[in-house]
Amino acid sequence: MPTDAASLLDARGVDAGYGTMQVLWGVDLDVRPGETVLLLGANGAGKTTFLKSLVGLIEARSGHIRLGGEDITKMRSSDRMKRGMTYMSELAVFPDLSIEENIRVGAQALGHANPGARVDELYSLFPVLRDKRRDPASSLSGGQRKMLGIAKALSAEPKLLVMDEPSAGLSPLFVKEVLRALSSLQGRGLALLIAEQNIGFLEIATRVFVLEGGRIRFSGTVAEMSGNEELHRAYFGLK
């Protein structure tokens, strides 16, 4: 598949794994500026491994990864972050730090000229966090911790936010809260890449890639996925 010159993130032919175990085979995925891409797959499909290869936590064995047209395949994680890619893992926050300390971490790591102003902007997006800003993150509910994780990742002012299973461990009610928060970020110029097995995230997706057994089995719009009989049976009947 040829490289899309308009892509913000462009990964081609990515192989990755751990030791002698190969997890990914020739994965192609791209994210365009400002869009929301869902990487859908069951547990064990290779979603986390792929995200870790994108952000530099593990090395891609072959293939290439470009961000904003620049080859970042061999670049350190910290340098990828400085170029506009932020990663939100399932854990998302530092539980022993206060809410405000968590939010300031990303801004300070990048030497933000005015981290206080950035914190205020994020409180306006997530007002529930302002009221609890001096409390430890461990005191928050599951849904609120995810909100804090999103705010912490956004403190670095990324161009692309890469998220691993934001619904993990949440009740359906809290999943809806997370979806509302992510929906509020759309249209602000921020691109989202979300790895999930919860098909509820299709409602905010621009495009979807289906990862199965370490290989991309489908890429296209949500409507195109819905029209694929095999994928419809595999996913759309699940809740």
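The values are calculated or read from the model by the stated rules, or taken from the named source; none is laboratory data. All of these numbers come straight from a predicted model, not from anything done at the bench. Every residue, glycine as well, gets a Cβ built from its backbone with ideal geometry; the counts of neighbours run over all protein chains shown.
Would you tally the residues in region 217-234 being of a type in the set (Asp, Glu) and surrounded by 12 or more Cβ atoms within 10 Å (Cβ to Cβ)? So the answer is 1.
The rows are residues; the columns are (1) surrounded by 22 or more Cβ atoms within 10 Å (Cβ to Cβ); (2) more than 27 Å from Gly69 (Cβ to Cβ).
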| position | (1), (2) |
| --- | --- |
| Pro95 | no, yes |
| Ala107 | yes, no |
| Gln144 | no, yes |
| Met163 | yes, no |
| Ala168 | no, yes |
| Lys176 | no, yes |
| Ala181 | no, yes |
| Leu190 | no, no |
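Among residues of region 212-231 being among the polar types (S, T, N, Q) and assigned to a loop (DSSP other than H, G, I, E, B), the one that is farthest from the chain's Cα centre (by Cα) is Asn228.
When we screen Leu29, Leu67, Leu39 for residues that are surrounded by 15 or more Cβ atoms within 10 Å (Cβ to Cβ), in contact (Cβ under 8 Å) with a residue 24 or more places away in the chain and within 24 Å of Arg145 (Cα to Cα), the only hit is Leu39. Return the residues of region 29-67 that are under 14 Å from Leu161 (Cα atoms) and out of contact with any Ser or Thr (no Cβ under 7 Å at 6 or more places or on another chain); say none if nothing qualifies. Selection gives Pro33, Gly34, Leu38, Leu39, Leu51, Lys52, Leu54, Leu67. The helices (runs of 4 or more DSSP H) found entirely in region 126-211 that carry 1 or more residues being not assigned by TED's automatic domain parsing to the domain that holds Glu229 are 127-131, 142-154. Put simply, of Ile204, Ile199 the only residue that is at pLDDT below 95 and under 15 Å from Val37 (Cα atoms) is Ile199.
Only residues that are under 27 Å from Gln186 (Cβ atoms), at pLDDT below 95 and out of contact with any Lys or Arg (no Cβ under 8 Å at 6 or more places or on another chain) were counted in region 1-33, giving 1.
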